[in-house]
Structure formats: structure tokens, C-alpha cells
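The values are calculated or read from the model by the stated rules, or taken from the named source; none is laboratory data. Source: prediction; values computed, not measured. Every residue, glycine among them, receives a Cβ derived from its backbone with ideal geometry; neighbour counts consider all protein chains shown.
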């Protein structure tokens, strides 16, 4: 399929089987070649920690750390030096990184509103990319990013690491073998007392306050509407809609992407969503409570909800004609449990069983392996496109109050 066009088969081709296969060949880089990597964004997500942990098994060199906040950038460089014995270079803006011909790959762990622009620029600069979710803030930039990636030979991995959990892959095998029967509904409630934009990173993170002399405010703003320096917007960007839309396009991405992976789905046909600020009424502009329902052409309903203000009733479940899977909190370690709960079928599941885990490489290791082999990783750009369409439909439904549909031929979200 040519970039930006459609064929008469699937909207975005089913590549998951190939993506999940064990990668052994070395058709792109020699198996012993070191991949030279830069970390763009040295914040709370801590992709740098994963790089350091995987530097030997991944066969990588951490060349550069890049961040618009001086103290974080300097600490990241020191951390690499302490861990590897080699001091990396430092960069304030990501463009400095992309200009370096000796850098093979970049990890993008920056605020949400920067992801698509950085991905596009990195691909055009010839870099392989690991980019955090959510991939896009709107359909226009999502379509551009997808087309640029598909017209390149670069390997892109989305940071939806639940695809690489042994628990997720064991459940995927179980469900795709029809052992739960026809899947009718999947739902997750992911609640908490305090919103992540007010708590993620812990007291140590919030104790440090950015100042105009220490940060590149313009580099942070990028394509957002220009504003005077605001330390809260810079540090707590998760809570402002210019930089991140809220739980429905942030936390929900992990769940929606996992449902797509486990159930082998394309984007939903219809989405409704509601939400608002019900508890934490302050300077932040993202909703603290959301509810979204997605309808798929397979006659499948998917529900996601977050409420901040009360952390009870967090769960994730798959409901099929032969029983139920309790995925609990979607942990990488805690087993998923299947049972005949709720089914009246004669061949329903019996006693509760612990689903076996399926061995998978670390999510970032899978990216390094894919760079060497040239094969697609477990979370390629197609996966990012699908989950982005789903959550952007929820954003438009919540914003407009309308039910939203997706037109795969025009690649548009519209009311309907």
C-alpha cells in the first residue's frame, strides 16, 4: 500500500504476526555493530534508565542526552557517565541531535504535543525512532507522521510496552485460539485519588521548580500557541490541554492499544465519550473524569473510564461467550485469570485458570533487534495509528458532544 492511499483489503495491513516473531537475522546492521542512540527528553518516563539497563544486551552506545531543562539534562549526562564510564554529549534542542550523522536512533520521551513533529523530523533525518505515546494530538499530524514513516526505511517503535508483557501475550494466544469464545466486551477502569499531572514523579520531582534561565521555553512550546513563561505549564504540562488532552488520550492509549493487539482490531467504527473536571478544580485544564465507549465492526464494545478523586474499582476484563478473563491491573507480572464466570454455554470454561505467560523480549530490546534485522517491531507505526484514531475519536466526542465515526478512506473523524 502506498503512503496516504488505501487498498480494498484492510485499512492498515495486519502485520502483527510478523512483528511478534523472534528476530534473529542481521540484514540491516551487523549483529555486532553498536547502535548509537540519543535520548530526547530526560523526564519522568525515564527511557534513559531503560537504555542504561539494556546497553549491553542491546549493543548500544548512549551518545547524547537532550532536554530543554538544564538540570535534568546535566543529571542525565552524569547518570550515563556513572553507569557506563563514558560521558555523553548534551543538547538543548532536538534539532541538534538530528543534525549528527553519527547518531543512528533516537528515543523520544517528550511532552505529548511534541511527539509527531519530532518523529517526522527524525525520520526525515534518517534516524530510527522509539516514540512515546500518545502519538498525535490531531488527525492532520497523525496522517502526516504515518505517511512519512511508511515512505521511509526507518524502524519505528511506539512506547506501548504492554504489547511486550508476557502476561499480555499469553492472553493474546488464549483469546486468538477462541478459548474465550466470541469476545463481546472489554473494559478497563483506571482510577486514582490524585491526578497524575499533580502526582507523577513524586515529591522530589515537584519540589524542583523551573526558572526562565534554566529552561528553553520556546523549545518546549514548539507548535503550541505562544505564551509567556509559566513554570507550572512547563513542569506540569500533563495537566494542560495545549500539551496533553487528558486521561482519554494518555492513560487510555495503553489499554486501547492492548485491546487492538490482543483482539487483532483496526480502529473503531463509532465512539462516544463524556467527561469533565469533577473533583480537582484548579488551574489545570484537562478533565479529571472521563468515560468512553468504542464500537468495533466485529460487534465488540470496548469501555474505558478514569475517575480521579476516588481510587477504588480499578480493573481490566475481557467478556466472551465462554467466560471472562480478569486481567486485574494489567501488570507485567500478575497473572491474568480466566474462568467460566458469566457464561451459560455448555462448553464454557470451568474452574479458574491462570493463563500461561508467553516469553517476549523487553519492548526496547525488540526495537534494537528490529533495527538490526529490518523486520517490524511489536508496536509499529500501524499500531500507533490505530490507537491514535481511537482516542482522537474520543477526544472529539467529548469536545463536541457528538458520536464520532471514522472514515478510513478519507482518514477523517466526523460526527455520525
Self-check item: Count of the range 144-159 residues which are within 30 Å of residue 414 (Cα to Cα) and buried (at least 20 other Cβ atoms within 10 Å of the Cβ)
Solution: 8
Quiz item: Is it true that residue 340 is modelled with pLDDT of 95 or more, more than 23 Å from the chain's Cα centre (by Cα), buried (at least 16 other Cβ atoms within 10 Å of the Cβ) and in the same structural domain as residue 184 (by TED's automatic domain parsing)?
Solution: yes
Self-check item: Residues located in the range 264-285, provided they are touching a residue at least 60 places away in the same chain (Cβ under 8 Å) and touching a strand residue (DSSP E or B) at 6+ places or on another chain (Cβ under 9 Å)
Solution: 265, 266, 267, 268, 269, 270, 271, 272, 273, 274, 275, 280
Quiz item: In this structure, is residue 378 within 14 Å of the chain's Cα centre (by Cα), under 23 Å from residue 262 (Cβ atoms), at pLDDT 95 or above and part of a loop (DSSP other than H, G, I, E, B)?
Solution: yes
Self-check item: Subset of the range 227-255 (residues that are farther than 13 Å from residue 285 by Cβ and either at pLDDT below 95 or assigned to a helix (DSSP H, G or I) (or both))
Solution: 231, 234, 235, 251, 252, 253, 254, 255
Quiz item: Being in contact with a strand residue (DSSP E or B) (Cβ under 8 Å, 6 or more places away or on another chain) and either without any contact (Cβ under 8 Å) to a residue 12 or more places away in the chain or loosely packed, with under 15 Cβ neighbours inside 10 Å (or both), is that true of even one residue in the range 323-334?
Solution: yes
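With respect to residue 270, is the statement that it is modelled with pLDDT of 95 or more and more than 30 Å from residue 70 (Cα to Cα) true? Walk me through how you get there before you give the answer.
Values: modelled with pLDDT of 95 or more: yes; more than 30 Å from residue 70 (Cα to Cα): yes.
Against the criterion (modelled with pLDDT of 95 or more and more than 30 Å from residue 70 (Cα to Cα)), residue 270 qualifies.
Any residue in the range 69-84 that is part of a loop (DSSP other than H, G, I, E, B), touching a helix residue (DSSP H, G or I) at 6+ places or on another chain (Cβ under 7 Å) and either surrounded by fewer than 18 Cβ atoms within 10 Å (Cβ to Cβ) or modelled with pLDDT of 95 or more (or both)?
First, pick out the residues of the range 69-84 that are part of a loop (DSSP other than H, G, I, E, B): none.
No, the conditions are met nowhere in the range 69-84.
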Self-check item: From 177, 171, 122, 136, residue being within 30 Å of residue 351 (Cα to Cα) and surrounded by 24 or more Cβ atoms within 10 Å (Cβ to Cβ)
Solution: 171
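Please count how many residues of the range 201-226 are part of a helix (DSSP H, G or I), loosely packed, with under 15 Cβ neighbours inside 10 Å and touching a residue at least 60 places away in the same chain (Cβ under 8 Å). Even if it seems obvious, please write down each step before you answer.
In the first step, residues of the range 201-226 are kept if they are part of a helix (DSSP H, G or I); the result is 202-207, 217-221.
Filter once more, so that each one left must be loosely packed, with under 15 Cβ neighbours inside 10 Å: 202-207, 218.
Filter once more, keeping what is touching a residue at least 60 places away in the same chain (Cβ under 8 Å): 205.
Of the residues in that region, 1 qualify.
Filter the range 169-191 down to the residues that are without any contact (Cβ under 8 Å) to a residue 60 or more places away in the chain and on the phi > 0 side of the Ramachandran plot and list them by number.
Restricting attention to the range 169-191, the residues satisfying the condition of being without any contact (Cβ under 8 Å) to a residue 60 or more places away in the chain are 177-178.
Once the filter is applied, which keeps residues that are without any contact (Cβ under 8 Å) to a residue 60 or more places away in the chain and on the phi > 0 side of the Ramachandran plot, the range 169-191 yields only 178.
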